[in-house]
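Participant: Quick one: the structure is below, questions incoming.
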Amino acid sequence: MKQRHLINAFVAVVIACAGGIAAADQAGTVRALRNEPIDSLNRIGEVPHQETRRFVRNYRQQPPIIPHSIDQYQIDLSANQCLACHDWSVAGDRGAPTLSMTHYLDRDGTQLDAIAGTRWFCNQCHVPQVDAPALVNNTFEPSK
């Protein structure tokens, strides 16, 4: 019985070593995604900065684009910093646009006093406006 366990352990070690050797052999063919050596300096292009002018919407029902930076905003399960200015109860005092009343409806259409949980993560639909180059070719044309 002990001999059988010893043989099984030996076979497992031999298989693991063979796999390691095969992986090491293939390591010489690994390439970076940018087709440059893995240890080369990673250069990135210029980062587009946020525009100060307001952008027009491109289609009906497009969520408004955020005209200010949200880099340091906390939006997680416990806090949503957007509501400090845009919640209906403070928007008038802060001079900020108030949220649409649809943000205060639950799934059944019941009116709530607080923002609905389905609308809690603002940056699921709203993004900061920036005039950045398209990531992929795009033939989209705005509606008339």
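Participant: Does ASP71 count as loosely packed, with under 10 Cβ neighbours inside 10 Å and either touching a Lys or Arg at 6+ places or on another chain (Cβ under 9 Å) or among the charged types (D, E, K, R) (or both)?
Facilitator: Considered against the rule, which asks whether it is loosely packed, with under 10 Cβ neighbours inside 10 Å and either touching a Lys or Arg at 6+ places or on another chain (Cβ under 9 Å) or among the charged types (D, E, K, R) (or both), ASP71 comes out as yes.
Participant: Are there any pairs, at least 6 apart or on different chains, whose C-beta atoms fall under 7 Å, with the first in the stretch 117-132 and in a helix (DSSP H, G or I) and the second loosely packed, with under 13 Cβ neighbours inside 10 Å, and if so, which?
Facilitator: THR118/ARG107
Participant: Suppose we keep only residues that are small (Gly, Ala, Ser) and either in contact with a Lys or Arg (Cβ under 9 Å, 6 or more places away or on another chain) or within 17 Å of ARG57 (Cβ to Cβ) (or both) within the stretch 98-116. Which one would you say is surrounded by the fewest Cβ atoms within 10 Å (Cβ to Cβ)?
Facilitator: This residue is SER100.
Participant: Taking the conditions exactly as written (touching a Leu at 6+ places or on another chain (Cβ under 8 Å) and not acidic (Asp, Glu)), does HIS86 satisfy them or not? Show your work before the answer.
Facilitator: On the way: touching a Leu at 6+ places or on another chain (Cβ under 8 Å): yes; not acidic (Asp, Glu): yes.
Taking the combined requirement at face value, the residue satisfies it.
Participant: Check the stretch 132-144 and report whether any residue there is among the basic types (Lys, Arg) and either touching a Lys or Arg at 6+ places or on another chain (Cβ under 8 Å) or at pLDDT 90 or above (or both).
Facilitator: No, the stretch 132-144 has no match at all.
Participant: Additional query: So is ASP108 in contact with a helix residue (DSSP H, G or I) (Cβ under 8 Å, 6 or more places away or on another chain) and either under 24 Å from ASP76 (Cα atoms) or part of a loop (DSSP other than H, G, I, E, B) (or both) or not?
Facilitator: No: the conditions fail for ASP108.
Participant: Then there's this: For SER78, only one of the following conditions fails: (1) in contact with a Pro (Cβ under 7 Å, 6 or more places away or on another chain); (2) at pLDDT 90 or above. What is its number?
Facilitator: With respect to (1) in contact with a Pro (Cβ under 7 Å, 6 or more places away or on another chain); (2) at pLDDT 90 or above, SER78 is out only on (1).
The values are calculated or read from the model by the stated rules, or taken from the named source; none is laboratory data. Computed from a predicted model, the values in this text were never measured in an experiment. A quick note on method: Cβ atoms are made from the backbone with ideal geometry, for glycine too, and the neighbour counts reach across all protein chains shown.
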